[in-house]
Number of protein chains: 2
Amino acid sequence: MATDTKDRILEAAARLFAEHGYHATGVAGILRAAGVKSGSLYHFFSSKEDLLVAVMQRHLDLLRPQILDRAEAESVTEDPLEHVFSLLGIYRRSLLVSGCRLGCPVGSLALEVGNNTPRARALIERYFSVWVAQVRDWLNAAGPRLPEGLDRGAVARQILAVVEGGIIQARAAESLEPYDACVAQLRSSFELLLARRRYEQEEPRDTLMGEPSPTKRTGREVGGQFEWRAW
Amino acid sequence: MATDTKDRILEAAARLFAEHGYHATGVAGILRAAGVKSGSLYHFFSSKEDLLVAVMQRHLDLLRPQILDRAEAESVTEDPLEHVFSLLGIYRRSLLVSGCRLGCPVGSLALEVGNNTPRARALIERYFSVWVAQVRDWLNAAGPRLPEGLDRGAVARQILAVVEGGIIQARAAESLEPYDACVAQLRSSFELLLARRRYEQEEPRDTLMGEPSPTKRTGREVGGQFEWRAW
DNA sequence: GGTTTGATTGATTGGTTTATCAAACCATGG
DNA sequence: CCATGGTTTGATAAACCAATCAATCAAACC
């Protein structure tokens, strides 16, 4: 069927672009992976670059259902801060199952074709915007638990940076360790923010690095420290 | 002269790889940019991939003199924490003068040729290691101003992640704003760490988000907030 | 002055790439 | 049963790519 072929091409192209990059992926490889002849591809897409744009559009379309919503769904609590670390856990799993080869498909393409491919660049920008906006909303939903003056948009951008930068390092090192270190450090920063908020409010506190306001805490205890079940 | 030609080739290749990526850069373009004929290139480098490795080696060789040492040199104070933000300022300038096209030449290549080019990957990994080790040393030099139990290696990795991730976002957005937001947020985290340290020591403090221990403060005051002169 | 060594040239090769196109195919509706 | 239009085929064009190589040149060395 028509849409089936088109989807197979898109899926194959998305996978190969993510694995080897845009330029390193030949049309022949996409055809082979999709089980299609060249004419079919050029029936649906006017050029390789056009295919790239379609792949990016697909990533954008799938961002919410397959990444953001899933991060929420995987959180055992309704703590919006847990959604954030759930999200980081999704990328970690992607690295894990691919032997540190696949991280964020958009991040890779952003650096390779970012400029000099205007349509793709615009989609990448929107992708990041949606991502950041969702994380910002989660941070906003954490409401008074985070400090008053905190720029939650900037924090969301920083979280995205940590993800992308952590993935770069993990790929280079062929190890999850750098990614985990970045995330762990991010978690510490959050604990500090939460602690600071409690400090501002002069609430009673036992430990400074303690758990988030435990209204619904259902995470597991690990080594005496509360885990937000990011993975 | 011999070395002159070789250097011109390396320089041209490094620039073009950073601008357009490895695969998108043709040998012909390198020859044109270096003002050299193909035979010369293949006299010095056995293949395009060999040239890539040489370019990476060059980046590694220049990391200390042109990036890390310069970050120290540009700091007006001897505060090792200022070195860190000085370093972030170097990358910002690179983005600025190139219209957000050039960030970290190694980060781009890390994602594009990271795997499936073992020699290049190993050099990228070493590059990041040296980078992280230097930042870690700076953090260590900050000594007791940072909290006792802080994993300074992890913080250094996180800083690298913020740089690389901030650059990705800046390139995608064709704007410095995302990079600045990430760095600003990083700065806030540091202020929080310093504040926390002072809190631990039960030292007298006036503001929680105040300046770093002002033994040698020579930065400029901006809007009432202390600036570490990152740029 | 003659020889060796290394550097440089630039036309050329062989392979690969993206993209085209006319012909065949097939489902749907008249 | 045919007509139509979207779909698929696969050979092939045209451009591009990395890489080669015999020939020239320059300098250093004996």
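The values are calculated or read from the model by the stated rules, or taken from the named source; none is laboratory data. Keep in mind that what you see is a predicted model, and the values were worked out from it rather than measured. Glycine gets a Cβ as well: all are built from the backbone with ideal geometry, and neighbour counts include every protein chain shown. To get the accessible areas, we keep the full protein, side chains included, count just its heavy atoms, and leave off ligands, DNA and RNA. Shrake-Rupley method; radii C 1.70, N 1.55, O 1.52, S 1.80 Å.
Per-structure values
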quantity: Accessible area buried, both sides summed, chains B and A with 1.4 Å probe, Å²; calculated: 4300 Å²
quantity: Cα-only Debye scattering, the stretch A:1-45: base-10 log of I(q)/I(0) at q = 0.17, 0.27, 0.30 Å⁻¹; calculated: -0.39, -0.94, -1.11
quantity: Computed label-point distance, nm, for sites B:Lys37 and A:Ala133 using a 7 Å Cα→Cβ extension; calculated: 5.7 nm
quantity: Accessible area in square angstrom per residue, the stretch A:1-71, 1.4 angstrom probe; calculated: 50 Å²
quantity: Rg followed by Dmax, in Å, when the stretch A:32-164 is reduced to its Cα trace; calculated: 17.2, 58
quantity: Nearest-20 debye value, the stretch A:1-65 charge dipole, Cβ charges on Lys, Arg, Asp, Glu; calculated: 100 debye
quantity: Accessible surface of B:Val76 - all protein chains present, 1.4 Å probe, nearest 10 Å²; calculated: 80 Å²
quantity: Sequence of B:Arg121, B:Arg64 from largest to smallest accessible area, 1.4 Å probe; calculated: B:Arg64, B:Arg121
quantity: Table column - 3J(HN,Hα) (Hz), the stretch B:167-182, Karplus curve with 6.51, -1.76, 1.60, x for Gly and Pro; calculated: 5, 4, 5, 5, 5, 5, 8, 6, 7, 6, 3, x, 4, 4, 4, 4
quantity: Partner chain coverage, peptide B:96-102 - average Cβ within 10 angstrom; calculated: 1
quantity: Neighbour-limited loop hits for GluC sites (Glu not before Pro), the stretch B:85-190 (at most 11 other Cβ within 10 Å; DSSP other than H, G, I, E, B); calculated: B:Glu148
quantity: Cα lying deepest toward the dipole's positive end in the stretch A:1-45, options A:His23, A:Gly39, A:Leu10, charges on Cβ; calculated: A:Gly39
quantity: Ascending list, in nanometres, of distances separating the B:Gly29 label from those of the other copies (7 Å, Cα toward Cβ); calculated: 1.8
quantity: Pairwise centroid distance, computed over Cα atoms, of the stretch A:66-130 with the stretch B:66-84, Å; calculated: 33 Å
quantity: Carbon + sulfur, % of accessible area of the stretch B:53-213 - ligands and nucleic acids excluded, 1.4 Å; calculated: 49 percent
